[in-house]
Amino acid sequence: MYLLGEQPAYADQLINRLQTIPGQLLDGLAPAGPALRLEQTDDLSALLPGNQLFLIENGLLHANVDERPLFYLQEGDLVGLRQGIELPSCRYSSDEPVSLLPYNRSEVFRHIYASEKLQELFIQYLVGHTALLSDAVARLKQPDVRPSTGFQHFAKGEELIRQGDEADHVFIIIEGHAAAYVDGQKVGDVQKDEIFGAMAVFTREKRSATVIASEPCTVMVIPKEQFLSLMQSNPRIAHSLIESMARRIDLLNKEVTQLRLSPDRE
């Protein structure tokens, strides 16, 4: 996917990364049939069955939301994910030949849900597209103000989130590295591509930790309403994310316990 107009470098980098994810999600799955080849179309949704997802092999699709051009889908993108989600109508059209490889929708999701790695990739894909659109809207509405959604940039030593604050967003580090602190004590690291800030969104509590950039960071920022909407439409992925966070909390608790029992601290 890419958006209309000129994109900042960080958006181009994320778009290029997102383009590689569908192929990884579908690896090991056989297509449901031969590729569908169209010379051109004014409304792709009228031609596609609802029980299939399609990988764009060649060509370009124009996406119009409420009849307004918003973004393009290109080679490597998935078509059909919006089905079953209450979103504004999206009409896909193409002025040039396009080739679409079909996959059984239910088989694709079973394949993804069977692997924790694929679930995390799928979350990155969904959240990444959400952040790109949020960032584009923020830049169009207030180009001279650092947006509260989309992407934010942090210098080394700057706080990404603060312990005790309201949890209004979920974050993913696109570039860089950060550290988490509780009551001033370091309790862990936040790596590139890691989702953080989601636990407080799920529990509706205050932030339990402060996260500080260990080096310059570019962070993808997703409003909690959009994140929860994505999780509600993909409950198995939400369950996997919660399990992953629970394992991380358990590891951190063990680290803290070991530090407290360490002879060096006596």
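The modelled label-to-label distance between residue 38 and residue 206, using points 7 Å beyond Cα along the C-beta direction, is 5.3 nm. Taking all protein chains together, 217, 90 sort by accessible area into 90, 217, largest first [probe 1.4 Å]. As a rough guide to protection, the peptides 165-171, 179-185 ranked by mean Cβ packing within 10 Å, highest first, stand as 165-171, 179-185.
Measuring against 21 Å, Cα to Cα, the residue pairs 117/156; 156/192; 117/224 contain 117/156; 117/224 as the ones spanning a longer distance. A crude spin-label estimate for the pair residue 155 and residue 64, with each label 7 Å from Cα along the Cβ direction, gives 4.7 nm.
In this structure, the amide hydrogen of residue 58, modeled 1.01 Å from its nitrogen in the peptide plane, lies closer than 5 angstrom to those of 99, counting only residues at least 5 positions away or on a different chain.
The values are calculated or read from the model by the stated rules, or taken from the named source; none is laboratory data. The structure displayed is predicted, hence computed values, not measured ones. Positions of Cβ are generated from backbone atoms using ideal geometry, with glycine treated the same way; all protein chains shown enter the neighbour counts. Just the protein is used for accessible areas: all its heavy atoms, side chains included, with ligands, DNA and RNA removed. Shrake-Rupley method; radii C 1.70, N 1.55, O 1.52, S 1.80 Å.
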